[in-house]
């Protein structure tokens, strides 16, 4: 008949999975080489800005909405209106895309919104226009492609880059082309707010930092789905043309994503590498460091072997600072001077872990993360043990990483039963354990 086949309907609704065999040849080009006009070109770039609008558009009445995307490679950026018939495209910030289109428009024409670094644009509707197509790269071999920031030149500082503290304290006011380089500290849960017109919007607050300050980055609506792969202490963001949101009295302002804001995820240049190393070092210092590493030391040999060395804390400190040994084991003999078991029990912080860069506390073996809703396995809080002392030195609270077996030997019961202890039992144990002298098998 004159109707559509199921294959044709599926190709229009889900263009990513349609078989695409173009009749024309497409010329490979970088974004910086694109020229407005009719021309079959293919180009590649990473998503640095993403927004989604629903509703019918006069130019594309068959579309249910469109994604407004800014795509960049190492040379320039392009504004793309990617229309969809029904299903949204699974787009995220930092994703690598390859696009095929037959027409490039001028994004700098009068009357349009001027976005720095964006001089060309493209309107694409892969579900309807056979000349348009898009491919989302997911393979690891493409991770290093299009990572360099715009305007970056080797051995030269990146133009407009400033510290977060400088940007907050005046750098946001009237400076064109401002850029800040930050690392993700934590990702907040999704919130729903109701606007004055009755419509609802979703937002998520991401805490970011550099070596000078920390601030809040607010991510809205569709862009929230694009931050799911960000990792606290590991994901670095280069934010170009950031917006400044005034804070309430007594608080500093926060970072806003405006239509002209570009967000490079894990950019490849020396400043980003330095910030990554700084963040890793800072995370190690601040981390609860809870999960005990397995299969590193031969615990049986250390505890029952022929060679069992007893160290003082001073000898141990001197040994690890002077000897370049990958690892070693031994004994220390210390006295418990302080203990916070009762305090943490009353604060309901006996068990703890980390998720989304945020500490998670509970009184049970597992709990649900308030940000990502994942089930998190918890461990006994290392700060249960306070100051440990011998004749030559001391160990500060929380600086020892205890294995589950060590906790069970100390308490004389499984960890699950420790979480079920009553307040009177906790008080009694802490009183008995204070000033107890004990041998500990350690690994370094």
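The values are calculated or read from the model by the stated rules, or taken from the named source; none is laboratory data. Keep in mind that what you see is a predicted model, and the values were worked out from it rather than measured. So basically every Cβ, Gly included, is an ideal-geometry build from the backbone, and we count neighbours across all protein chains shown.
A few notes on this one:
- Per-region count, the range 326-379, residues out of contact with any strand residue (DSSP E or B) (no Cβ under 9 Å at 6 or more places or on another chain) and farther than 28 Å from residue 230 by Cα: 5
- Filtered residue count, the range 27-56, keeping only those that are more than 25 Å from residue 90 (Cα to Cα) and assigned to a loop (DSSP other than H, G, I, E, B): 3
- Residue check for residue 388: surrounded by 14 or more Cβ atoms within 10 Å (Cβ to Cβ), at pLDDT 85 or above and within 25 Å of residue 187 (Cα to Cα): no
- Qualifying strands (runs of 3 or more DSSP E) (wholly inside the range 335-442; at least 1 residues being in contact (Cβ under 8 Å) with a residue 24 or more places away in the chain and outside the structural domain of residue 234 (by TED's automatic domain parsing)): 351-355, 358-362, 375-377
- Residue 408 being touching a helix residue (DSSP H, G or I) at 6+ places or on another chain (Cβ under 7 Å) and over 18 Å from residue 349 (Cβ atoms): yes
- Residue satisfying condition, being outside any loop (DSSP other than H, G, I, E, B), closer than 22 Å to residue 153 by Cβ and either touching a residue at least 24 places away in the same chain (Cβ under 8 Å) or under 16 Å from the mean Cα position of the chain (by Cα) (or both), within set 273, 225: 273
- Counting only strands (runs of 3 or more DSSP E) that sit completely within the range 100-208, those holding 2 or more residues that are farther than 30 Å from residue 271 by Cβ correspond to 118-124, 133-137, 191-194.
- Matching residues in the range 226-247 - criterion: being over 13 Å from residue 258 (Cα atoms), surrounded by fewer than 19 Cβ atoms within 10 Å (Cβ to Cβ) and out of contact with any helix residue (DSSP H, G or I) (no Cβ under 8 Å at 6 or more places or on another chain): 228, 229, 231, 246, 247
- All told, residue 93 meets the bar of being outside the structural domain of residue 278 (by TED's automatic domain parsing) and either touching a helix residue (DSSP H, G or I) at 6+ places or on another chain (Cβ under 9 Å) or touching a residue at least 12 places away in the same chain (Cβ under 8 Å) (or both).
- Residue within the range 190-204 that is surrounded by 14 or more Cβ atoms within 10 Å (Cβ to Cβ) and closer than 25 Å to residue 116 by Cα present: no
- Unmet requirement for residue 117, which otherwise passes all of (1) at negative phi; (2) out of contact with any helix residue (DSSP H, G or I) (no Cβ under 6 Å at 6 or more places or on another chain); (3) crowded, with 17+ Cβ neighbours inside 10 Å: (1)
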